[in-house]
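Here the structure comes first, spelled out in structure tokens, and everything after it is commentary.
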Amino acid sequence: MRGPVNAHVHLELPALPSVGGQGLVPWLMSWRKDAPARRDVAMANARYVAAMGTAAVIDIGNLGVGGEAMHAAGLDGLAFTEVFGFDQPHLADGVEHATPHAPYSTHADTIRCVAARGEPWSIHCDEDVAERAFLADGSGPWPDVLRASKRDLSHWRTPGLTPVRWLDSLGVLGPNTLLVHCTLTTCADLELIADRGCTICICPRSNLHITGRLPDVLGMFDAGVRVLIGTDSLISSPDLDVRNELPVLLEAFPGVPRSRWERCLHDDAWDFLDQAGGAA
Ligand SMILES: [Zn+2]
């Protein structure tokens, strides 16, 4: 059996104090201004991950150093370069291994551009109530946050949909799609995710820190969705050893045997990577 896969990590982000338990927006605001993403951090984090026995990662970075760090540490997997900009439709143009950040932060055309490449891609999705409110009826903190960041919202029409349904309305969901978090995703959307052949990556300790709740993993299993496990970054998770997510899952879902979680870490994760074509 091949080694465990950390299916969602941000290697270049250092450990920083952050506000927990109040949702995504307060968490983001508590660290973003002072968080330098750094090459040396990515190298050190990749070495740590490899030393803990992880065999592969799916890394999300902004500096383009993830692949170099993974290679130096002997890690297999995928290194994505994250793009976001709510009012900028062409951010993925010319960016190799580009992947969009999230529905509330990335222009629909950028997401379409990435998905149209026919390669694996990932997106943070349905992580927090503010994302749902923004897409459902334009309420919640995101409009003010985006305007405060000098984003032009004049092109935006509130879709009145859940995050999963909005992505589906763009025609982007398919077997290459890795939906990260899905903390709030409910039964009907999980069935749609299964129908589209998407994979979900859950990040339990990060979810508990930021929003205080875990996703409906049993619903994911019932719907037949492939589920992978990641740590997310050191700003929301105490360490980057994905095996340390298992005690949380075993306690929260006592009816699920350890072997089922091991499958998420090993066989199912490698199936996604093999389908994606392999290494960084
Ligand atoms: Zn993340």
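Read-outs throughout are calculated quantities, based only on the coordinates presented, and are distinct from any laboratory measurement. Only a predicted model underlies this, so the values are computations on that prediction, with no experimental measurement involved. Every residue, glycine among them, receives a Cβ derived from its backbone with ideal geometry; neighbour counts consider all protein chains shown.
Numerical summary
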item	result
Segment 1-130, relative contact order in percent, only Cα pairs under 8 angstrom and at least six apart counted	22
Under Karplus coefficients 6.51, -1.76 and 1.60, residue-wise ³J(HN,Hα) of segment 226-232 in Hz, glycine/proline x	6, 10, 10, 10, x, 9, 6
Distance between modelled label sites at residue 147 and residue 29, nm, 7 Å Cα→Cβ extension	1.5
Amide H partners (placed H, <5 Å) of residue 99, local residues excluded	81, 82, 83
Whole-Å semi-axes of segment 5-275's equivalent ellipsoid (Cα gyration tensor)	25, 22, 19
Long-range amide H partners of residue 7 with built H, under 5 Å	58, 229, 230, 231
Neighbour cut-off at most 11 other Cβ (10 Å), DSSP loop, trypsin sites (Lys or Arg not before Pro), segment 112-197	150, 157
Distant-in-sequence amide H partners of residue 180 (H built 1.01 Å from N, under 5 Å)	123, 124, 125, 201
HN-Hα J in Hz across segment 207-213 - Karplus 6.51, -1.76, 1.60, θ = phi - 60°, x for Gly and Pro	4, 5, 5, 7, 10, x, 9
Per DSSP, loop GluC sites (Glu not before Pro) in segment 87-190 with at most 13 further Cβ within 10 Å	96
Charged-residue dipole, Cβ positions (Lys, Arg, Asp, Glu), segment 125-243 about Cα centre, Debye nearest 20	260
Loop-resident sites, segment 13-104, for trypsin sites (Lys or Arg not before Pro), counting at most 16 other Cβ within 10 Å (DSSP)	38
